[in-house]
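All remarks here apply to the structure that follows.
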Amino acid sequence: IIGGNIDDSFDISTTSGSISVKRPLDRESLNNDEIILTVQATDKGDPPLSSTKDVRIKVKDINDEPPVFTEDTYFGSIDEEQEGGILVLQVSATDKDLGSNADVKYRIISGDGGFPVDIAGGSIFSSKKLDRETKAIYSFVVEAYNPGADWLNDTATVNITVNDINDNPPNFTTLQSDTITIPEDTKTGTSVFRVSAEDRDNNDVNYRLTGGSCRELFSIEESTGAISVKERLDTIDRRDEVYSCIIEVTAEDDGVPSLNTTKSIDVNITAVNYFWPEFEATFLNVTVREGLRWGDPVDGVLLNATDADEGRNGVVMLQITDSSIKGLFNVTAEGQLIVNVAELDREPDNDHVSVNVSAYDLGTPRKYANVSAVVHITVSDINDNVPVPDDESIEVSIPQDTPLQTVVLNVTASDRDIGENAIIRFCLDERDREGTASLFLVNSTTGAITVNGSLELTSYVFYVNVENTADFEGTVNEFGKYNIKVNVTVISTNRHAPIFTEDLYELHVNDSLLTGHTICW
C-alpha cells in the first residue's frame, strides 16, 4: 500500500494481495465514510516492473458515538402566572453516527420538577402556573441518549428563571399595635407612629393617608410610612376624656399595574391633665358634740374642691392624709366630714382633733392639690360618764368619845367628763338615813363624813351614793350608780390606868424550881 493508508490502519499480504485491518477504524473521522487505498503490484523481473490500483473501502457505521449537547448549560425564562403548556426553550444534542444510531431522545433525570421535555425534539414546556414568589429559579438535568443496546448519553443543565409580574399587593408588616394613643398636647410635627409594608414582587412601596374620621389631623411620610401630627389636637370638640377616631393608610407599589393595600388605624387622643385641684377654703374650725354615731356628718364641714380639667381629669377625690388622732373621721366624695367610729367619745383625749384633707383628680398622671385643707375639730362634752369612786369599800376605826361634827374620813370619786358634767354629789343611801347611818353625816360636795350622834362600841356599816348633778346623756344604765361601802368600828377610849388588887404579895419558892416555872397567878 503506497497511498491512502490513514494512520497505517491497513495491511496487505505481499504474496496474496489480501488487505486486512490493522487497528479499529473511526468512520466519523472520514470523508464520505470511505478510504481510498493505492496498491502497487511489482514483479520480480529484472528490471522489476510495477503498476498501481486504487482500492475504495466503504466504512460502515456502528453506534459508537454518544449524543453531545450543543450547550453545557441552557438558560430560559417564563413569566409567572402563565398557564401550563408554554414552550420555554429547546435543548439540542447531535450524534455523529448514522441512521438509527444517530437517533437522540431526551429526558429529565434530576432536579426541580414542573417542566416536561419533549422526548424526541428536546422542547421544554411548563406544566402549570408558576409563582415567582414561591420559587424563582428551577434547575434540572436533561439527558440526551441513544435508545440502542449500547446506552450512550450526554447531560446538560437547564436553568429556568420565573419572571416577575406585579401580582402581589403590598402587605403591611407593622409590628406595633394598630392603635395610636397620644395626649392632646402633642406638638405638630411629632412622629407618633410608623407603618411598614413589604412587596413580594420587590417593588418600592409608597404610603398615603386615604381616609378616616381624623385624617386631616395627621400626615404621613410617603417613603417611610412615618405618621406625624399635622394639626393641633387640643382644639378638638370633645365630650369624653378620650377622643377616638380612625385614619386609613394605603400602601401602594410602583409595579405595572400598581397594586395597593389599605389598613385602618385606631387613634385615641387623650385629654391632658393640665390643672391641680383647689380647695375653696383651706382652714375650718368647728365644734361637734361627742356621742355622734358612725356615718353622722360633722356639721359645718363641707369641703369643696374643684378642678378646671374635663372628664376624669376634672373629677376630684378627697382623702384624709393625716390626723392627730387616727381613724376618728372620714371624708365623703362630696366633701362631707363624717364620724368613722361606732360612737364619737371625747374622753380618750379626743377633745381636740386636727384633720388634714388632700384633694386629687383622676387624671393620668394624678395631680394633688398644692395646699391641703386643715379642719380643727373641738369635741364638746356631754354627760356620758358616771362618777367612779376611788375606793368602793372603806374601813375606819374611831374612839367612842369622838366629838360630834368630827370628820372621821373622806370619800372621793372622779368623773371623766368636764365642767358641770363632772360635778359630783355624795349622799347617804336612802336605806341608811333612818338607821345606823343617822349617826353620821356626809358632805354632798366634799365627801367628808362626820359624827352626828353618840356612838356605841360596835361597827357601823352604811353606803354613800356617788352621783352627777347634771342629767345623764350616756348609754350606761342610770340605775347602775356607784356607791361606797363604809365600815366604821367604834373602839373604847383608854381613860383609866391599871390598879393592883393587893398592896403586898408574899411567895415561898423551892430552890429546885427550874427557870421559867410559874410561881404566881
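The values are calculated or read from the model by the stated rules, or taken from the named source; none is laboratory data. Here the structure is a predicted model, which is why all the values come from computation and not from measurement. Glycine also receives a Cβ, built like all others from the backbone with ideal geometry; neighbour counts cover every protein chain displayed. Keep in mind that these areas ignore ligands, DNA and RNA; they rest on the heavy atoms of the full protein, side chains included. Shrake-Rupley method; radii C 1.70, N 1.55, O 1.52, S 1.80 Å.
The table that follows gives values for the structure above.
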quantity: Share of alpha-carbon pairs per 5 Å distance bin for region 4-93, given as whole %; calculated: 3, 9, 14, 13, 9, 9, 7, 6, 6, 5, 5, 4, 4, 2, 2, 1, 1, 0, 0
quantity: Heavy-atom surface of region 295-361, accessible at 1.4 Å and reported per residue (Å²); calculated: 45 Å²
quantity: Taking the convex hull of Cα positions in region 62-208, its mean projected area over all directions (nm²); calculated: 12.2 nm²
quantity: Counting DSSP beta bridges with both ends in region 63-176, the antiparallel % (nearest 5); calculated: 75 percent
quantity: Contact order normalised by residue count of region 76-133, Cα under 8 Å, 6+ apart, percent; calculated: 45 percent
quantity: Value of relative contact order over the chain, rounded to a whole percent, pairs C-alpha under 8 Å and six or more apart; calculated: 8 percent
quantity: In region 371-456, the GluC sites (Glu not before Pro) that fall in loop regions by DSSP, at most 16 other Cβ within 10 Å; calculated: GLU392, GLU434, GLU456
quantity: Label selected from [x] 28.5; [y] 27.4; [z] 84.4, the criterion being mean projected area of the Cα convex hull in nm² as computed here; calculated: [z]
quantity: Percent of Cα-Cα distances greater than 17 Å, calculated over region 408-461; calculated: 45 percent
quantity: At most 15 other Cβ within 10 Å, DSSP loop - trypsin sites (Lys or Arg not before Pro), region 306-361; calculated: LYS326
quantity: Region 135-257 - percent of accessible surface contributed by carbon and sulfur, probe 1.4 Å; calculated: 44 percent
quantity: Value of Rg/Rh across region 143-258 [Cα atoms, Kirkwood radius]; calculated: 1.43
quantity: Net charge dipole size for the chain [Lys, Arg +1 and Asp, Glu -1 on Cβ; Debye, nearest 20]; calculated: 1120 debye
quantity: Carbon/sulfur fraction of accessible area - region 303-432, other protein chains in place, 1.4 Å, %; calculated: 47 percent
quantity: Cα pair count fraction exceeding 11 Å, expressed as % - region 270-311; calculated: 74 percent
quantity: Karplus-derived 3J(HN,Hα), 6.51/-1.76/1.60, for each residue of region 461-470, Hz, glycine and proline x; calculated: 10, 8, 10, 10, 7, 10, 9, 8, 7, 8
quantity: Region 261-415, relative contact order [Cα under 8 Å, separation at least 6], %; calculated: 28 percent
quantity: Cα Rg, Dmax (largest Cα-Cα span) when computed across region 249-361, Å; calculated: 25.9, 93
quantity: Of every Cα-Cα pair in region 195-294, the percent that sits beyond 24 Å; calculated: 50 percent
quantity: Solvent-accessible area, 1.4 Å probe, carbon plus sulfur percent, for region 1-97; calculated: 47 percent
quantity: Value of Rg to Rh for region 275-429 (Rh from inverse mean 1/r over Cα pairs, i.e. Kirkwood); calculated: 1.30
quantity: Loop-located GluC sites (Glu not before Pro) in region 64-142 whose Cβ has at most 15 other Cβ within 10 Å (DSSP); calculated: GLU71, GLU81, GLU83, GLU133
quantity: Too-long pairs where the Cα-Cα distance tops 28 Å, listed order kept, from LYS128/LYS263; LYS326/LYS367; LYS22/LYS96; LYS129/LYS263; LYS326/LYS481; calculated: LYS128/LYS263; LYS129/LYS263; LYS326/LYS481
quantity: Contour minus Cα-Cα distance for THR501 and GLU334 (0.36 nm per residue); calculated: 50.2 nm
